[in-house]
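First up is the structure itself, then whatever we jot down about it.
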Amino acid sequence: MIDTEQASIASPKVLTVSELNRLAKEVLEQSFPLFWVSGEISNLTRAASGHWYFSLKDTGAQVSCVMFRGRNSYLDWTPKEGDKVEARALVTLYEARGSFQLTIEFLQRAGAGALFEAFEKLKAKLQQEGLFDPAFKQAIPAHPKRIGIVTSPDAAALHDVLTTLRRRMPSIPVIIYPTPVQGKGVATQIAHAITSAHERNECDVLIICRGGGSMEDLWQFNEEVVARAIANCRIPTISGVGHETDFTICDFVSDTRAATPTAAAELASPSRESLFNRLKQLGLQLNKSSADGLMQRAQMLDYLARRLVSPSQQIGQQKQQLAQLVHRLSLNIKQQLQRQQNNLNQIEQNLHHLNPQAVLTRGYAFAQTKDGQIINNSAQIKAGDAINLTFGTGEAEAVVSKTS
């Protein structure tokens, strides 16, 4: 007979399909960080949701791919069947079908890989030299007196920046340092414009910007000459090159990176509306603080006024206190006299009760010998002695006729 406890230990756990796919998904995602892969686009489908579904293939294999709308919307070109591309991707598993696939984060035409390699090489070099060190980054002034812009006068990015600056703070003067921003060999001109802004020292902050584009379009901002011009510029710099997903060497060297040219203008300028709202809030706080302060002072004044007594009031209060004391004194004297009178009456009553005269008024009499001694024993007298008798009213003389 098999022990059920031993059987449960020996038996492996039975996974559901959902558990299996979830574990496989976790293993794949943890094992493959973000990487680049090249291939040819096949079976491209653009869904109504905006997501792209396609396969990447070479001569020996293919893999399913998805590029979600939030990512493909940043591309300035649209791929088609048969295009040779390079994709930055993550490996994952679509759990519902158990399908191995790639999630594409960025897509570029084939051949951009050499540019990316050059980008990474220069980035590593400049980073090692300390050009990206946060310790050397300058703070962007909160209230600049003048803003400089390095870009092409014909660029759409300039229109976006100027529109944003006029909306946020139209009173700040703007100086444009014109330069081409696209084309072979224009990196030197961009660097010259940055150096010119540095030497003229007219601005409190400098925006370096251009619109989005492919890696080739933005390459001039990945040139070393531009990076060093930014590093040598003592004016705080904001890089607003490309779209949110675009990164250039200019972004890393500048004091601050903005996701877009419009965002760069927002970082460079204070918001007039926000300042007005803040001023309004401060005004309300000041009014409330003043009102509260006045109310507290008024209450304190009322309290002190109640404590403050005029001389006439003090005299009146003292007279009243004196009258109260006199009244209490008179009352005490009267009470003491009454107590003394009561005691006297009590003593008088007691004396009255003890007065022999009072006893005589009830029919009694006391006898005295001729020499005034009170007779309280018949042995004091004998027959024939003359005695005096005292009554409640009057006296009498008597002669003793007999004693016993």
Anything in region 183-201 that is part of a loop (DSSP other than H, G, I, E, B) and surrounded by fewer than 17 Cβ atoms within 10 Å (Cβ to Cβ)? List them, or say none. G183, K184, G185, N201
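Regarding L28, is this residue modelled with pLDDT of 90 or more and aliphatic (A, V, I, L, M)? If you could, list the steps in order and put the result at the bottom.
Values: modelled with pLDDT of 90 or more: no; aliphatic (A, V, I, L, M): yes.
For L28, the condition - modelled with pLDDT of 90 or more and aliphatic (A, V, I, L, M) - is not met.
From the list I230, I238, exactly one residue is part of a strand (DSSP E or B) and under 15 Å from Q138 (Cβ atoms). Which is it?
On the way: I230 fails: part of a strand (DSSP E or B).
Exactly one residue qualifies, and that residue is I238.
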Given the options P134, P79, P33, name the one that is in the same structural domain as T256 (by TED's automatic domain parsing) and either modelled with pLDDT of 90 or more or not aliphatic (A, V, I, L, M) (or both). P134
Just give me the residues in region 19-36 being over 41 Å from the mean Cα position of the chain (by Cα) and farther than 16 Å from Q101 by Cβ, in sequence order. E19, L20, L23, W36
Could you please give the count of residues in region 204-227 that are buried (at least 17 other Cβ atoms within 10 Å of the Cβ), of a type outside the set (A, V, I, L, M) and touching a Phe, Trp or Tyr at 6+ places or on another chain (Cβ under 9 Å)? 4
Could you please let me know if F252 is among the aromatic types (F, W, Y), surrounded by 11 or more Cβ atoms within 10 Å (Cβ to Cβ) and in a loop (DSSP other than H, G, I, E, B)? no
For A264, are the conditions met, namely being touching a residue at least 12 places away in the same chain (Cβ under 8 Å), hydrophobic (A, V, I, L, M, F, W, C), in a helix (DSSP H, G or I) and surrounded by 10 or more Cβ atoms within 10 Å (Cβ to Cβ)? yes
Among residues belonging to region 387-404 that are surrounded by 10 or more Cβ atoms within 10 Å (Cβ to Cβ) and of a type outside the set (A, V, I, L, M, F, W, C), point out the one that is modelled with the lowest pLDDT. G392
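Give the residue, chosen from V63, V14, that is assigned to a strand (DSSP E or B), out of contact with any Asp or Glu (no Cβ under 9 Å at 6 or more places or on another chain) and outside the structural domain of G211 (by TED's automatic domain parsing).
On the way: V14 fails: assigned to a strand (DSSP E or B).
Checking each option against the conditions leaves just V63.
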Condition check: aromatic (F, W, Y), surrounded by fewer than 17 Cβ atoms within 10 Å (Cβ to Cβ) and in the same structural domain as Q182 (by TED's automatic domain parsing). Does F100 satisfy that? no
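I'm trying to understand the selection: among the residues of region 150-170, which are out of contact with any Phe, Trp or Tyr (no Cβ under 7 Å at 6 or more places or on another chain) and under 13 Å from A264 (Cα atoms)? Let's see the steps before the verdict.
Going through region 150-170, the residues out of contact with any Phe, Trp or Tyr (no Cβ under 7 Å at 6 or more places or on another chain) turn out to be 151-170.
Within region 150-170, T151, A157, L158, H159, D160, V161, L162, T163, T164, L165, R168 meet the criteria.
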For region 202-225, what are the residues that are in a helix (DSSP H, G or I) and not hydrophobic (A, V, I, L, M, F, W, C)? Q220, N222, E224
One residue is enough: does region 243-255 have a residue meeting the conditions more than 20 Å from A118 (Cβ to Cβ), at pLDDT 95 or above and within 36 Å of the chain's Cα centre (by Cα)? yes
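The values are calculated or read from the model by the stated rules, or taken from the named source; none is laboratory data. Since the structure is predicted, the reported quantities are computational estimates derived from the model, not experimental observations. Glycine gets a Cβ as well: all are built from the backbone with ideal geometry, and neighbour counts include every protein chain shown.
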